[in-house]
1. Of the conditions (1) farther than 26 Å from A:ALA99 by Cβ; (2) in contact with a helix residue (DSSP H, G or I) (Cβ under 8 Å, 6 or more places away or on another chain); (3) open to solvent by 40 Å² or more (accessible area, probe 1.4 Å); (4) touching a residue at least 24 places away in the same chain (Cβ under 8 Å), A:ARG137 satisfies every one except a single condition; which number is it?
2. Would you please name the residue that is least open to solvent (accessible area, probe 1.4 Å), looking only at residues in the stretch A:120-129 that are over 13 Å from the mean Cα position of the chain (by Cα) and under 17 Å from A:LEU50 (Cα atoms)?
3. In the stretch A:147-159, is there at least one residue being within 17 Å of the chain's Cα centre (by Cα) and exposed (fewer than 15 other Cβ atoms within 10 Å of the Cβ)?
4. Is it the case, given these coordinates, that B:ALA132 is under 17 Å from B:LEU68 (Cα atoms), free of Cβ contacts under 8 Å to residues at least 12 places away in the same chain and within 14 Å of the chain's Cα centre (by Cα)?
5. Pick out, from the stretch A:144-193, the helices (runs of 4 or more DSSP H) lying fully within it that include 3 or more residues that are without any contact (Cβ under 8 Å) to a residue 24 or more places away in the chain.
6. Please determine, by comparing only the residues of the stretch B:162-193 that are within 14 Å of chain A (Cβ to nearest Cβ) and among the charged types (D, E, K, R), which one is farthest from B:PRO140 (Cα to Cα).
7. One residue is enough: does the stretch A:89-106 have a residue meeting the conditions open to solvent by less than 10 Å² (accessible area, probe 1.4 Å), of a type in the set (A, V, I, L, M), without any contact (Cβ under 8 Å) to a residue 24 or more places away in the chain and under 18 Å from B:TYR46 (Cα atoms)?
8. Condition check: among the small types (Gly, Ala, Ser) and either within 24 Å of A:ASP52 (Cα to Cα) or touching a Leu at 6+ places or on another chain (Cβ under 8 Å) (or both). Does B:GLY104 satisfy that?
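The values are calculated or read from the model by the stated rules, or taken from the named source; none is laboratory data. Because the structure is a prediction, the values reported are computed rather than measured. Cβ: placed from backbone, ideal geometry, glycine included. Neighbour counts: every protein chain shown. The accessibility values were calculated without ligands, DNA or RNA, using every heavy atom of the protein model including side chains. Shrake-Rupley method; radii C 1.70, N 1.55, O 1.52, S 1.80 Å.
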Number of protein chains: 2
Amino acid sequence: MTDRLTAQFAFLDEIDRLKGVLRATPIGDNSRRENSAEHSWHIAMYALVLADQAGPDVRIDRVLQMLLLHDIVEIDAGDMPIHLAHDAAEQAAKEEAAADRLFGLLPAEQAAMFRALWDEFEAAESPDAVFAKSLDRVQPLLQNHASGGGSWIDYDVTLDQIDSRVGAKVKRGAPNVWDFVRARVAPFFDRSA
Amino acid sequence: MTDRLTAQFAFLDEIDRLKGVLRATPIGDNSRRENSAEHSWHIAMYALVLADQAGPDVRIDRVLQMLLLHDIVEIDAGDMPIHLAHDAAEQAAKEEAAADRLFGLLPAEQAAMFRALWDEFEAAESPDAVFAKSLDRVQPLLQNHASGGGSWIDYDVTLDQIDSRVGAKVKRGAPNVWDFVRARVAPFFDRSA
């Protein structure tokens, strides 16, 4: 029992560092950048609130679990802003190594369970993962919109880029949410054109 | 549909402010105080990892939901440190008013569901709520320990106070976790005695 708790607390202590991983998007009042721990909390709340937007095959309890742990790899691999050009294969390799180390702190069967959930999220194929990805993609739009532009300004983003980089993925899992959010954010890009 | 999403996003936008509510405990590297949004994420991860410490009547999916939303009232009512003397009835009244306003942003049936979960957590009687409270109480000890004392120093806390204010509640829901964590943190109080 003590060995098991020692391993579990080694993991719980280590993931505290996610609070220090900064994302490209600001918090709503634009006072600072959002960190990946509070982002993970916020999108878990998105899943609870928007559960009725999920398809009939989606199990919200599994979506919650995926969203809570999906960014933990960033402790080692960092957050890669969606609008920043980068080597996707290199970033994927970093994240795989991070998953090995971080989930590997847990007792073996828990490490395997968490890793399987993360792999499923990354693959973005199962109904649960597709819905979870929709929420992870759409929340930064609301953060940028609330804070006056955020990473849209930093990376000189266009509405076409939003449609291709974000919209296509949000639509797959939550089409009504996409229609709603796109209508809200589109005027920002008209103004800045 | 649009009215419903308008209400849901009014709530999801508003709860962003939980990222600005600071707690008495620091993050692990002691660089700053923890906010209530990232704390909520961390204890949700505690629930996932320590699920096997819960009694047989505990449903972890409900525990996760409670932990994710339990601090939202702090947006209006603020965080009240456990070791700070305060008027409990006054704080409870503030939190009730906060719950009315904040959950009231949601569509009516969701507002009622979230409010019922929060009331259940606050009552600390159901097996789910007792386990959830254990995790909410025990995490600050690990944060204070990791960061060199944190709010134990600020509020001049003794091990007896830890036992009475924290231990009694953690033991109710997660007795093995309490034994493990108490053994880890006790030496801090020997040193500072």
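1. That leaves (1) as the condition not met.
2. Filtering the stretch A:120-129 down to residues over 13 Å from the mean Cα position of the chain (by Cα) leaves A:120, A:123, A:125-128.
Those left that are additionally under 17 Å from A:LEU50 (Cα atoms): A:127-128.
Values: A:PRO127: 63, A:ASP128: 10 Å².
If we take residues in the stretch A:120-129 being over 13 Å from the mean Cα position of the chain (by Cα) and under 17 Å from A:LEU50 (Cα atoms), then A:ASP128 is least open to solvent (accessible area, probe 1.4 Å).
3. no
4. Details: under 17 Å from B:LEU68 (Cα atoms): yes; free of Cβ contacts under 8 Å to residues at least 12 places away in the same chain: no; within 14 Å of the chain's Cα centre (by Cα): yes.
So B:ALA132 does not fit the description; no.
5. Details: elements: A:151-154, A:159-162, A:168-173, A:175-192.
By residue number, A:175-192.
6. Going residue by residue through the stretch B:162-193, those that are within 14 Å of chain A (Cβ to nearest Cβ) are B:170, B:174-185.
So of that shortlist, the ones also among the charged types (D, E, K, R) come out as B:179, B:182, B:184.
Values: B:ASP179: 16, B:ARG182: 12, B:ARG184: 13 Å.
Per the stated criteria, the residue is B:ASP179.
7. no
8. Values: among the small types (Gly, Ala, Ser): yes; either within 24 Å of A:ASP52 (Cα to Cα) or touching a Leu at 6+ places or on another chain (Cβ under 8 Å) (or both): yes.
The answer is yes for B:GLY104.
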